[in-house]
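Novice: Just passing along the structure, written as structure tokens.
Just so it is clear, none of the values below were taken in a lab; they were calculated from the coordinates. No experiment lies behind these values; they were computed from the predicted model shown. All Cβ positions, even for glycine, are placed from backbone atoms using ideal geometry, and neighbour counts span all protein chains on display.
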Amino acid sequence: MLKKISFFISSFFLLWLIVAAIPPFQNTGIKVSIQRGEKVYNKVCLPCHMADGGGAPNMNPPLIQTSYILGDKTKLISIVLHGMTDRVAINGDYYSNNMAPHNDLTDQQIADVLTFARNSFGNKASAVMPVEVKSVRSKKQ
Ligand code: HEC
């Protein structure tokens with residue numbers, strides 16, 4: 001009887017350990033991705049969208065709390081992969097310059113840079129995973 005109880009307690013303890021260990025691991029994953037993403041951002045996106053994500057009014061839109069940055073990940077990934085040529089109003093300013101495609105970046109680099117952007121400049125949104133980029137890349141536009 002005592003053995004049974006101690007077995008139960010120890011298996012619950014083990015289960016708790018496993019469950020408790022998952023969130024910190026995920027956290028490290030997103031942190032590392034953000035760190036890598038910052039490097040990609042500084043090299044590729046910063047000249048247009050600026051170090052603070054503020055962009056340049058009427059030329060390059062900001063990445064601060066925009067519906068694109070915080071919104072649908074498929075659309076967001078597609079902007080980086082295929083570029084953007086719409087005339088859009090963002091925070092009251094119009095943008096009609098084109099953004100070139102960045103499909104030379106790897107799935108990992110695009111996932112990292114978008115995870116960085118979605119968690120910087122005052123933004124808070126879920127991570128973008130390389131498999132999500134892969135899936136958008138494989139679809140015909
Ligand atoms: C040569 C300048 C340039 C570079 C480099 C560039 N962009 Fe853009 N980006 C633009 C312009 C211009 C637009 C608006 C296009 C339009 O109006 O159709 C835009 C639009 C966007 C948008 C959607 C609008 C918004 O503000 O939310 C996102 C998101 C975005 N870019 C992210 C990125 C990321 C991430 C990178 C780096 C991988 C990057 N851009 C690199 C110029 C650039």
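Novice: Out of all the residues in the stretch 123-139, is one or more under 16 Å from GLY29 (Cβ atoms), in contact (Cβ under 8 Å) with a residue 60 or more places away in the chain and crowded, with 18+ Cβ neighbours inside 10 Å?
Specialist: Yes - at least one qualifying residue is present in the stretch 123-139.
Novice: Which ones in the stretch 91-134 are near the ligand (Cβ under 7 Å from one of its atoms) and touching a Phe, Trp or Tyr at 6+ places or on another chain (Cβ under 8 Å)?
Specialist: Passing the criteria: VAL113, ALA117.
Novice: Scan (1) free of Cβ contacts under 8 Å to residues at least 60 places away in the same chain; (2) within 7 Å of the ligand (Cβ to nearest atom); (3) touching a helix residue (DSSP H, G or I) at 6+ places or on another chain (Cβ under 9 Å) for the single condition CYS48 breaks and write down its number.
Specialist: Here CYS48 meets the rest and fails (3).
Novice: Quickly run through the stretch 66-81 and pick out the residues that are exposed (fewer than 15 other Cβ atoms within 10 Å of the Cβ) and over 21 Å from LYS140 (Cβ atoms).
Specialist: SER67, GLY71 - these are the residues of the stretch 66-81 that are exposed (fewer than 15 other Cβ atoms within 10 Å of the Cβ) and over 21 Å from LYS140 (Cβ atoms).
Novice: I'm told GLY55 meets every condition in (1) closer than 17 Å to PHE121 by Cβ; (2) small (Gly, Ala, Ser); (3) out of contact with any His (no Cβ under 8 Å at 6 or more places or on another chain) except one. Can you identify the failing condition by its number?
Specialist: (3)
Conditions (1) touching a helix residue (DSSP H, G or I) at 6+ places or on another chain (Cβ under 8 Å); (2) surrounded by 10 or more Cβ atoms within 10 Å (Cβ to Cβ); (3) more than 30 Å from ALA89 (Cβ to Cβ), marked per residue:
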| position | (1), (2), (3) |
| --- | --- |
| PHE7 | no, yes, yes |
| VAL32 | no, yes, yes |
| GLY53 | yes, yes, no |
| ASN58 | no, yes, no |
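Novice: Restricting the stretch 57-88 to residues that are within 23 Å of SER135 (Cβ to Cβ) and basic (Lys, Arg), which is farthest from the ligand (Cβ to nearest atom)?
Specialist: LYS73
Novice: For GLY54, are the conditions met, namely being closer than 16 Å to ALA111 by Cβ and within 16 Å of the ligand (Cβ to nearest atom)?
Specialist: The answer is no for GLY54.
Novice: Mind checking which pairs have a first residue in the stretch 79-96 that is over 16 Å from PRO62 (Cβ atoms) and among the polar types (S, T, N, Q) and a second that is assigned to a strand (DSSP E or B) and near the ligand (Cβ under 9 Å from one of its atoms), Cβ under 9 Å, 6 or more apart or different chains?
Specialist: THR85/MET99
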